[in-house]
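Peer 1: There's a structure below that I have some questions on.
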Amino acid sequence: MKTVYSVVLSSDVVEKIDRLAYENGTNRSNMINQILADYVSYTTPEKRFREVFREMRSVLEARAIKTAEPSDTMLSMRSALAYKYNPTVKYNVELYRGEGDEIGELRVSMRTQNTGLLLCMTEFYRLWTQIELNYRGAVSAVASDGKYARRLVLSVPVGVREVDLGRVIAAYVDAFDRALKAYFVSLDSRVAAARDVEEIYRGYLASNRVLV
């Protein structure tokens, strides 16, 4: 929870804080909050998120998934899809500040008006969701109009370090992206496409049991 306070600061200090905020991609209030938190040895959610995003970027950049500079709570990623004009798939991972098993959300979208492409994307989302349901039970995911949203939940939330959490989320995004690309490679045979996607998911699941 955040509360509004009135604090008197010199203009020179504010100028330096604003410069730091700009360099860190945040605003003045968050920058002051972070400086004070560091001074009293308190780790803010934003600082934890930065560590998570840093690890995610390290993992995903090595897998040809381009990442942007994150905001305080969100990391955006892009990946090219081998389909006609090589459209770009956009991934957004938003992390929640609240406590609990539900840590954030993955959103997938594509800027296109191609109805055939949007239909194929939606078919893949439904296939992926069904595979997850088959292997893990209930998941909170929604697919419509070529877009996909899935809540990210930790099955073992206690004691997970930021660097580990970054790897866990990155592994899921990477598996999703590889499965999506494999699906489009085998579009001529939906049976083969479904088999390839399931094989990738099973490989992911074999080494990642924390995120559900």
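The values are calculated or read from the model by the stated rules, or taken from the named source; none is laboratory data. Here the structure is a predicted model, which means the values were calculated and not measured. In this analysis, Cβ positions are derived from the backbone assuming ideal geometry, glycine residues included, and neighbour counts consider all displayed protein chains.
Peer 1: Can you tell me which residue among Leu81, Leu60 is in contact with a Pro (Cβ under 9 Å, 6 or more places away or on another chain), within 26 Å of Glu199 (Cα to Cα), buried (at least 17 other Cβ atoms within 10 Å of the Cβ) and aliphatic (A, V, I, L, M)?
Peer 2: Result: Leu81 is the single residue among Leu81, Leu60 that is in contact with a Pro (Cβ under 9 Å, 6 or more places away or on another chain), within 26 Å of Glu199 (Cα to Cα), buried (at least 17 other Cβ atoms within 10 Å of the Cβ) and aliphatic (A, V, I, L, M).
Peer 1: Could you tell me which residue of the range 76-129 is nearest to Leu165 (Cα to Cα), considering only residues that are in a loop (DSSP other than H, G, I, E, B) and of a type in the set (A, V, I, L, M)?
Peer 2: Only one residue tops the list, namely Leu81.
Peer 1: Return only the number of the condition from (1) outside any loop (DSSP other than H, G, I, E, B); (2) aromatic (Phe, Trp, Tyr); (3) farther than 30 Å from Gly116 by Cβ that Tyr5 does not satisfy.
Peer 2: (1)
Peer 1: Now, a different point. Can you list residue pairs whose Cβ atoms sit under 9 Å apart, with the first residue in the range 162-187 being at negative phi and modelled with pLDDT of 90 or more and the second being among the charged types (D, E, K, R) and crowded, with 22+ Cβ neighbours inside 10 Å? Count only pairs 6 or more apart in sequence or on different chains.
Peer 2: Between residues of the range 162-187 that are at negative phi and modelled with pLDDT of 90 or more and residues that are among the charged types (D, E, K, R) and crowded, with 22+ Cβ neighbours inside 10 Å, there is no close pair.
Peer 1: Under 6 Å between Cβ atoms, at least 6 apart or on separate chains: pull out the pairs that start in the range 101-114 with a residue that is assigned by TED's automatic domain parsing to the domain that holds Val153 and end on any residue that is surrounded by 17 or more Cβ atoms within 10 Å (Cβ to Cβ) and among the basic types (Lys, Arg).
Peer 2: Leu106/Arg150
Peer 1: Got a sec? Which of Val158, Val197, Val191 is over 19 Å from the mean Cα position of the chain (by Cα), at pLDDT below 85 and in the same structural domain as Met121 (by TED's automatic domain parsing)?
Peer 2: Values: Val197 fails: at pLDDT below 85; Val191 fails: at pLDDT below 85.
Among Val158, Val197, Val191, only Val158 is over 19 Å from the mean Cα position of the chain (by Cα), at pLDDT below 85 and in the same structural domain as Met121 (by TED's automatic domain parsing).
Peer 1: Let me ask something additional. Just to be sure I understand the filter: pairs with C-beta atoms under 6 Å, separated by 6 or more residues or on different chains, first member in the range 41-63 and closer than 17 Å to Ser29 by Cα, second member modelled with pLDDT under 90 and not in a helix (DSSP H, G or I). Which pairs pass?
Peer 2: Cβ pairs passing all conditions: Pro45/Arg97; Glu46/Asp72.
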